[in-house]
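Here's the structure we're looking at; comments come further down.
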Amino acid sequence: MPAFLAAYDFLLVSMVLAAVLALSLYLPLMAGQLSLASPGFYALGGYIAAIISTKVFPPAAGLYPVPLVLLEMAVAAVASGVLGVIVGVPALRLRGIFLALATIAFVEILRVISLNLDVTGGAIGIFGVPQPFASQIHYMSLAIPLLVLCMLFAARLERSRTGRALVALREDELAADAMGVNPTRYKVLAFTVGAMIAGVVGALSAHFINTWNSRQGTFDTGVSLMAFVLIGGSRTFVGPVVGGLVLTALPEALRGIADVGGLPGWLAQFLRDGRLIIFGVMIALGTVFFPHGLITPALLERLGRGRRHRVEAA
Amino acid sequence: MSSSLLLQQVLNGLAIGSVYAIFALGYTLIFSILRIINFTHGAIFTLGAYATYALTGARFGFNGLLANAALPLHLPFVLALIGGALFAAVSGVIVERLAFRPLRTRGSDPLLTLVSSLGVAVALVNVIQYLFGAEAYSYPADPFGQLPSAMNFGTSTEPVLVRTVQVIIFGVSMVVLALLTVLMNATRTGKALRAVAEDTVTASLLGINTDRLILLTFVISGFLGGVSGTLIGLSVGIAGPYFGIAFGLKGLAVIVLGGLGDIPGAVVGGLLIGLAESFVPAQYIAYREAVPFALLFVVLLLRPQGLLGRAVVQKV
């Protein structure tokens, strides 16, 4: 087990962070809003952490203090939340395709700005973000609690009045509005919480990957996140979490299969390098055959009932 | 700004804007009929540029599965351009079959169609990268024979120099635009297309074969995407398979500015964005890439129906 953890430490932490990030895209989608803004807030959070840890607190010998990482995550959450409200209030009057387009524009604008500011290091970005842990696997001590916290939040949300209001908006905005659900208020709420989550993940990721530049958190990231949510499942919070974990591990798994041998050369080569081709095809097929994703509330209920039967039988 | 510099900026803006216009027409034609945004349009753009490159007989690079491959023919550039655009048109049809028709027959949410087209776009671009690598390519020098590198639109004392390539791009775009205008306004097919765009169900009740026209729309759209890919490749080179995705995102700004599904709007929007980009002051040139998106954001917030569009009243 320790050998496994050591060999796959980077992948394991990436999987957990991807699952949290997928939740940030899932929240607005609960209210039926396809927003691709998460990568923008993720990038913002990363820059905040990278700037605080390299420029505000002068580098010292030894490990970077973990409380400071937590502070950066809090600052990233607040900054993303504020920006989320500023962008969300006007943008969420838009529906469907228009909102998706506005959020794509938002991410592109942030990217160009970060590419040109001095404080973000321009095209080179910020190198040498200090490490709070001696080994990468120790990032789990922050990533796992973050994932659990976000999952608990999402689980509670789905059973609350607010969660039901969001689902009502997704199913029929006009009817929900007529029933007294304030569409803009709830949509901005879901969007802003999603933004805060993305910002926090960005802050942690900047330390984790040690460097931050304008290639982090772009349109491509948005496409990947969308794949996590839509293939995993867009009707329960379990979907994005499983999607983020599994699809992040998928390329490594494919590489593993390719390395086992016995496969024709071209197939092994494809499994190693064709990750994004497979991704794209999976997204396209998924929308046709599993419009609500692989993990649906009905499936979870069936699994839950199955377990209960076994418990009763025993 | 002197008047000659002003004129030069206007001409440059119109040249690049004319490509935005024909590219965006590809988006907007499909939107006008299916009410969906075809995210594969950027990938089709890349396909067109690469196909033209291959048809000129030029060699591919060292990376990718088809390293060092070259077609055994050397078409003149004009024929390669047309061939590349036809290849893109055929790809458009395949995309329609794979990404759009299955969802249409199931009556899926338009957002799902958008997602599906994103998936196909990612797959297409990465197939290109897998086959030909991620390096940049440029077309053979002097594709149109011995022409001066720049043309003077001013006087000898006050020159207004515009790159010849820009002039060619503008010319080709105008020819394509003229053909499309004739097709849409002066033929029975164009009339049928407009009828389908207005109301698909009524059009089919009137005996118009909507499925065939949808296919035709994808052919035209793919052709427009392919031509624009080659033209931009001619102007700034092919910066790897992803350059179409970046251009595709800019094209979204054009169609939103002009009004989604609005054909004259796409042309006006394209020219406006080309001009806006060319008038970014030199000291802010690094922010030029953000101009289309800033415009997109502002237009969406202030006038979501676009500059020329009509407001849509939601019916209950």
Shielding by partners, peptide B:31-37 (average Cβ within 10 angstrom, other chains): 1
Two-decimal Rg/Rh across chain B, once Rg and the Kirkwood Rh are taken from alpha-carbon atoms: 0.98
FRET E, pair B:L71, B:S204, Förster distance 60 Å, beta-carbon r, rounded to 0.05: 0.90
Under-5 Å amide H pairs with A:G233, H placed in peptide plane, nonlocal only: A:L294, A:I295
Those residues of segment B:54-69 whose amide nitrogen sits under 20 Å from the label point placed on A:L267, 7 Å along Cα→Cβ: B:65
In range of the label at B:L147: residues from segment B:162-205 whose backbone nitrogen is under 18 Å from the point 7 Å along Cα→Cβ: B:162-178
Given charges at Cβ of Lys, Arg, Asp, Glu: segment A:2-313 dipole, positive-most of A:L110, A:Y64, A:L83: A:L83
For segment B:59-209, diffusion coefficient by Stokes-Einstein and Kirkwood Rh (Cα), 10 °C, 1.306 mPa s, µm²/s: 79
Chain A - charge dipole about Cα centre, Lys and Arg +1 at Cβ, Asp and Glu -1, debye rounded to 20: 680
Under Karplus coefficients 6.51, -1.76 and 1.60, residue-wise ³J(HN,Hα) of segment A:26-41 in Hz, glycine/proline x: 5, 4, x, 5, 4, 8, x, 9, 7, 10, 9, 7, 3, x, x, 6
Number of partner chain Cβ atoms within 10 Å, mean per residue of B:282-290: 3
Signed unit charges on C-beta, dipole axis of chain A, positive-most listed residue A:Q216, A:V242, A:L300: A:L300
For segment B:279-286, 3J(HN,Hα) per residue [Karplus equation, 6.51 cos²θ - 1.76 cosθ + 1.60, θ = phi - 60°, Hz, x = Gly/Pro]: 9, 5, x, 4, 6, 10, 4, 5
Projected area, mean over directions - the protein assembly as shown, Cα convex hull, nm²: 34.4
FRET E, pair A:R156, A:Y8, Förster distance 35 Å, beta-carbon r, rounded to 0.05: 0.65
Under 18 Å from A:K187, Cα to Cα: aspartates and glutamates that are on another chain or at least 8 residues apart: A:E158, A:E171, A:D172, A:E173, A:D177
Label zone at B:A294, where the point sits 7 Å out along the Cα-to-Cβ direction: segment A:26-59 residues whose backbone N lies under 16 Å: none
Projected area averaged over orientations for segment B:66-105, convex hull of C-alpha atoms, nm²: 4.0
Global form of segment A:117-205, assessed from the alpha-carbon gyration tensor, a/c cut-off 1.5: oblate
Distance between modelled label sites at A:L71 and A:S141, nm, 7 Å Cα→Cβ extension: 1.9
Over chain B: helical MRE at 222 nm, DSSP H runs n ≥ 4 each giving -39500 (n - 2.57), nearest 500: -22000 deg cm²/dmol
³J(HN,Hα), Karplus 6.51/-1.76/1.60, whole Hz, each residue of segment B:84-98, x for Gly, Pro: x, 5, 5, 4, 5, 5, 4, 4, x, 5, 4, 4, 4, 5, 7
Prolate/oblate/rounded label for segment B:133-198 (Cα gyration tensor, a/c 1.5): oblate
Relative packing of B:207-219, B:291-303, A:168-180, B:12-24, which averages over residues the other C-beta atoms within 10 Å, highest first: B:12-24, B:291-303, B:207-219, A:168-180
Shielding score for A:165-177, defined as the mean number of other chain Cβ atoms within 10 Å: 0
Alpha-carbon centroids, segment A:179-236 and segment A:1-66: separation in whole Å: 11
Debye log10 I(q)/I(0) for segment A:2-313, one point scatterer per Cα, at q = 0.11, 0.15 Å⁻¹: -0.71, -1.25
Segment A:21-156: Cα Rg divided by the 2.2 N^0.38 Å rule of thumb: 1.16
B:S4-A:F57 pseudo-label distance in nm [points 7 Å out on the Cα-to-Cβ vector]: 6.0
Reachable aspartates and glutamates, given that their alpha-carbon falls under 20 Å from the alpha-carbon of B:K191 and they are not under 8 places away in the same chain: B:D199, B:D211, B:D262
Modelled FRET efficiency - R0 51 Å, B:L275 with A:A134, Cβ distances, 0.05 increments: 0.35
Interface burial for A against B (accessible surface, 1.4 Å probe, total of both chains, Å², rounded to 100): 3600
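The values are calculated or read from the model by the stated rules, or taken from the named source; none is laboratory data. What you see is a predicted model; the values in this text were computed from it and never measured. Positions of Cβ are generated from backbone atoms using ideal geometry, with glycine treated the same way; all protein chains shown enter the neighbour counts. We work out accessible area using only protein heavy atoms, side chains counted, and drop any ligands, DNA or RNA first. Shrake-Rupley method; radii C 1.70, N 1.55, O 1.52, S 1.80 Å.
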